[in-house]
Amino acid sequence: MRVSKLFFQTLREVPADADVVSHQLMLRAGMIHQIAAGIFDFLPLALRTKYKIEDIFREEMDAIGGQEVTLPMVHPAELWQKSGRWYQIGSDMARFKDRNDRDMVLGMTHEEIMADLAKKYIKSYRQLPTMLYQIQTKFRDEPRPRAGLLRVREFTMKDAYTFDRDEAGIDAYYPHFYQAYFNIFHRCGIDVVAVKSDTGMMGGRMAHEFMALTDIGEDTLVLCDACGYSANRQVAVFRKPEPPVADQLPLEEVATPNVTTIEALAQFLDIPESETAKAVFMIADIDQPDGKVKEQFVFCVVRGDMELNETKLTNAVKARRLRPATTSEIKAIGAEPGYGSPIGIARERVLLVVDELVARSPNLVAGANREGYHLRNTNYGRDYSADLVVDLVAANDGHACPNCGAALYTARGVEVGNIFKLGTKYSIAMGATYLDENGEEKPIVMGSYGIGSGRLMAVIIELHHDEAGIKWPITVAPYQVILISLATEKTPEVTEAAEKLYADLLAAGVEVLYDDREERAGVKFNDADLIGIPIRLTLGAKGLKNGVVEGKLRRNGESFEFNIATAVDDVKALIAAEIARINATVAPVPFED
RNA sequence: CGGGGUGUAGCGCAGUUGGUAGCGCGCCUGGUUUGGGACCAGGAUGUCGGAGGUUCGAGCCCUCUCACCCCGACCA
């Protein structure tokens, strides 16, 4: 491709609306154009990289037995009504009516459609396991798209679905995806950590998220370097400290004027925060047996030195959603904001959930449900009892690893992929069953596995750039080579040589961008750096005189001199070496169950 | 959905007490230049986000509205 013909435009200045690096660079490199919040045009440079990434998806999916299909983007509401998600999902799902007034949706994901397809075509255990995947546009009307391609509403996703006869089947398939996903990310030049994740509303048995570690990440990960433990903070567990052994002392009210926070309380009474109990008041929407949704007041108690983990709470009480209670709601159940405890409240009106550590810790200081007073020596079991005693708290820096006891630490990550043991939820809903050897009809056990290609592209840039621009890993670069001609009107022989080299590179199958523009050298160099082509060839009058063309690696600045006569082969060898360098990172990864 | 911010040329921005819109980059023409974002000369480009209002007169003041960005909520 000739740069003079390339449909793009580089920008010197950073567009005002972009504040993450990948977004800025993609705009400056002329890769993408936003047309609405979270909705983008992909220009040729971006599209080429997108296709490179997606080809890697295809190779890795095919390698573990996948077959590619394309399912529609527009779905009849009926399928989503069957699974129930038509009713569960809110305005994230774009809905409309067709000309015949039928409800339709834009596909956010394709479990329903895939299960429906399986119902039609899978009849026998002999057909299992099977795996289908697609690379398709999805639309989720996210409340807050942001950060360029990192969080969008319309996006392309590779989504794969496995169909197995039983749990043992998916248990056997799942690790293949685990490995294939590492292969994909490594081949794209990025490192990821797989973390256990929340199965949430999907109700599956096991899920992993593949996270790229970067400060702009929206998720917090809990990691252990000693043993490799890794989990999304939403589900991370830790080894809790052993509470002191002590006799239960009598309850005692103590005046604590204007002391409404745990920090202030600990300071006021000169005790560690670990000797206090903190009340957290939430309102949960909980499904009732009759199909209605009830707003339930949930009274949580965690130790003062720890934080409530809302995901754990949501799962513990099987809430559809959770929100903080208002002051009047808190007072209505007989508690006092700032001085709350489960002692003396309208117990029958709340769902009382207590962290198991609180239940084991003696003589904690808690609120008295009276403004200006706390209680010393509250003891679970003696002074109150809960509806649920579970792990409710968030793991944090310095907590002990649940496996090995070493200190955990937290890091930010961007989710670039996930794998999910779905179970039979969708197959049962859609009636996707098979007959086993005994002629018995059984639901197909499904798994789903997603990677967003646009987000992955953005993450690659986040992890591979410098002040000058993008540094594409060669496996996903829009072009492998950029040939810069420094010809002027006075040096037509340079143009001639560059044209010939360009033609030869093309003929040799090299993906080459040829900067034939009438621009100054600096402009061309800067644009080449910005768009991030891994190998730069420069042909100027001086080099030509000596029969050399200069080569330079974008990733580290290393430079080469190639004899023009052998340049094509030399460049091909360099490309091969650079590809091999990335592929060398592809290796077996132990499956962390 | 709550809080904050911004809308003026393709991009980045300025625009005074209300007086009929400008700068830099980019773009077009010609010339000189030519190895890390050249220089000179000339040129094109605006429903000042939209609607209503106040006023002799609105980019500027008032009301409504839309879009986008950021923080939070949310995130199969």
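Observations
- The packing ranking of peptides A:448-458, A:69-79, highest mean first, is A:448-458, A:69-79, where packing means the average number of other beta carbon atoms within 10 angstrom of each residue.
- In this simple spin-label model, placing a label point 7 Å from the Cα along the Cα-to-Cβ direction at both A:Ser124 and A:Asp287 gives a separation of 3.6 nm.
- Once the Cα gyration tensor of the range A:444-537 is diagonalised, semi-axes √(5λ) in Å: 35, 17, 8
- Reduced Cα scattering model of the range A:329-389, Debye log10 I(q)/I(0), q = 0.12, 0.18, 0.27 Å⁻¹: -0.26, -0.59, -1.23
- Directionally averaged shadow of the range A:8-78, computed from the convex hull of its alpha-carbon atoms, nm²: 7.3
- R0 of 25 Å, Cβ-Cβ distance A:Ile428-A:Arg102: FRET efficiency to nearest 0.05: 0.50
- Relative contact order [Cα under 8 Å, 6+ residues apart], chain A, whole percent: 17
- Reachable lysines, given that their alpha-carbon falls under 24 Å from the alpha-carbon of A:Lys542 and they are not under 8 places away in the same chain: A:Lys490, A:Lys500, A:Lys524, A:Lys552, A:Lys572
- Extending 7 Å from the Cα toward the beta-carbon at both A:Arg321 and A:Lys545 defines two label points whose distance is 7.3 nm.
- When the charge dipole of chain A is built from unit charges on Cβ atoms (+1 for Lys and Arg, -1 for Asp and Glu) and taken about the Cα centre, the candidate among A:Ala587, A:Ala366, A:Gly454 whose Cα reaches farthest toward its positive end is A:Gly454.
- Put in order of Cβ neighbour count within 10 Å, fewest first, the listed residues A:Tyr384, A:Tyr229, A:Tyr514 become A:Tyr384, A:Tyr229, A:Tyr514.
- Reduced Cα scattering model of the range A:472-583, Debye log10 I(q)/I(0), q = 0.12 Å⁻¹: -0.36
- Compactness of the range A:393-491 was expressed as the Cα radius of gyration divided by 2.2 N^0.38 Å, which yields 1.99.
- Per-peptide average of other Cβ atoms within 10 Å, ordering A:500-509, A:183-192 highest first: A:183-192, A:500-509
- Contour excess over end-to-end distance, with Cα ends at A:Val245 and A:Glu493 and 0.36 nm allotted per residue: 80.4 nm
- Pair-distance profile P(r), taking every C-alpha pair of the range A:252-390, with 5 angstrom steps and integer %: 2, 11, 22, 23, 21, 12, 5, 2, 1, 0, 0
- Counting every C-alpha pair in the range A:31-113, the share spaced more than 20 angstrom apart comes to 56%.
- Taking the Cα centre of chain A as reference, the dipole from Cβ charges on Lys and Arg (+1) and Asp and Glu (-1) amounts to some 1060 debye.
- Across the options A:Thr327, A:Val416, A:Gly38, the greatest Cα extent toward the positive end of the charge dipole of chain A (unit charges at beta carbon of Lys, Arg, Asp, Glu) belongs to A:Gly38.
- 222 nm mean residue ellipticity, helices alone, for chain A (DSSP H n ≥ 4; -39,500 (n - 2.57); rounded to 500): -8000 deg cm²/dmol
- Translational diffusion of chain A was estimated from the Stokes-Einstein equation, with Rh taken as the Kirkwood radius over Cα pairs; at 20 °C and 1.002 mPa s the coefficient is 77 µm²/s.
- Theoretical FRET efficiency, 1/(1+(r/R0)^6), r = Cβ-Cβ of A:Gln67 and A:Val254, R0 60 Å, to 0.05: 0.30
- Taking every alpha-carbon pair under 8 Å whose residues sit at least 6 apart, the range A:440-585 reaches a relative contact order of 25 percent.
- Just so you know, the averaged projected area of the alpha carbon convex hull for the range A:162-321 sits at 16.0 nm².
- Separation of the A:Asp504 and A:Asp436 label points, Cα + 7 Å toward Cβ, nm: 6.7
- Applying a 4.7 Å cutoff between beta carbons, the unpaired cysteines of chain A are A:Cys188, A:Cys300.
- Theoretical FRET efficiency, 1/(1+(r/R0)^6), r = Cβ-Cβ of A:Ala407 and A:Val586, R0 35 Å, to 0.05: 0.65
- Ordering A:Phe182, A:Gln288, A:Val317 by Cα displacement along the dipole of chain A toward the positive end leaves A:Gln288 in first place; charges were set at the Cβ atoms of Lys, Arg (+1) and Asp, Glu (-1).
- Each peptide in A:539-548, A:275-284 receives the mean, over its residues, of other Cβ atoms within 10 Å, and ordering these scores from highest gives A:275-284, A:539-548.
- Distance between the C-alpha centres of the range A:166-194 and the range A:427-454: 19 Å, rounded to the whole angstrom.
Read-outs throughout are calculated quantities, based only on the coordinates presented, and are distinct from any laboratory measurement. Everything numeric here is computed off the predicted structure, so don't read it as measured data. For neighbour counting, all protein chains shown are included, and Cβ atoms are generated from backbone atoms with ideal geometry for every residue, glycine included.
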